[in-house]
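Throughout, read-outs are computed from the coordinates displayed, never taken from laboratory work. Please read these numbers as outputs of a predicted model, since none were measured by experiment. So basically every Cβ, Gly included, is an ideal-geometry build from the backbone, and we count neighbours across all protein chains shown.
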Amino acid sequence: DAGVIQSPRHEVTEMGQEVTLRCKPISGHNSLFWYRQTMMRGLELLIYFNNNVPIDDSGMPEDRFSAKMPNASFSTLKIQPSEPRDSAVYFCASSSGTGIQPQHFGDGTRLSIL
Amino acid sequence: GESVGLHLPTLSVQEGDNSIINCAYSNSASDYFIWYKQESGKGPQFIIDIRSNMDKRQGQRVTVLLNKTVKHLSLQIAATQPGDSAVYFCAERGGSARQLTFGSGTQLTVLP
């Protein structure tokens, strides 16, 4: 079975540039989560969607960050403009909405802003 | 200046021995707990979960124990293998929200 698929796996760009991270959740999962992982702060939830609708975006750092889920099989996390402090590994996870189910993670996008 | 990062607790065990990784959680309303394993360069991988109405659950070579009185969760790995070397995270779900709150992780190193 295909797991959560994220792209790109690595992204290196200069500050000020727009960055778009992509995620394809596991088929049939109706909850999708975006996380950021850094050595300083560990694993932090940025935003999550249920049935393509953003439910809680309180973890989004600031207005430079935005996330969309146009359909059940695709989500994007966009940073514009990017800053060096945005450098981190960004993970997408999905879970089934039936009862209490674990989240399944992709392998992340390692983002470096120069 | 010097940057300060998270100080990951570490646990080193001999191959073949049992490992116990501990986690303290903060929210007495949490109703669901998960253990994840994260290898270098990969995303967290689901290991085992437990609901708050249970105090023990077993999987293949792993057991999770939940003590709600002291808000403590542990992961026991039997006959630890080199492939078990990774960072292990506990996570809790507080009530009806779908969000998980993750601990800072424990680095497990299996010695040959």
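In table form, for the structure just shown:
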{"quantity": "Residues located in the stretch A:7-32, provided they are more than 8 Å from chain B (Cβ to nearest Cβ) and part of a strand (DSSP E or B)", "calculated": "A:S7, A:H10, A:E11, A:V12, A:T13, A:V19, A:T20, A:L21, A:R22, A:C23, A:K24, A:L32"}
{"quantity": "When residues of the stretch A:39-49 are limited to those that are of a type outside the set (D, E, K, R) and over 14 Å from the mean Cα position of the chain (by Cα), the one nearest to A:P102 (Cα to Cα)", "calculated": "A:G42"}
{"quantity": "Selection from the stretch B:29-63 of residues that are more than 12 Å from chain A (Cβ to nearest Cβ), part of a strand (DSSP E or B) and either of a type in the set (K, R) or surrounded by 20 or more Cβ atoms within 10 Å (Cβ to Cβ) (or both)", "calculated": "B:K56, B:R57"}
{"quantity": "Any hit, the stretch A:96-106, residues being in a loop (DSSP other than H, G, I, E, B), within 12 Å of another protein chain (Cβ to nearest Cβ) and under 11 Å from the mean Cα position of the chain (by Cα)", "calculated": "yes"}
{"quantity": "Subset of the stretch A:38-75 [within 30 Å of B:L8 (Cα to Cα), facing chain B (nearest Cβ under 9 Å) and touching a strand residue (DSSP E or B) at 6+ places or on another chain (Cβ under 7 Å)]", "calculated": "A:T38, A:G42, A:L43, A:E44, A:L45, A:Y48, A:D56, A:G59"}
{"quantity": "Residue match in the stretch B:95-103 (condition: surrounded by 19 or more Cβ atoms within 10 Å (Cβ to Cβ), on the phi > 0 side of the Ramachandran plot, under 15 Å from the mean Cα position of the chain (by Cα) and within 10 Å of chain A (Cβ to nearest Cβ))", "calculated": "no"}
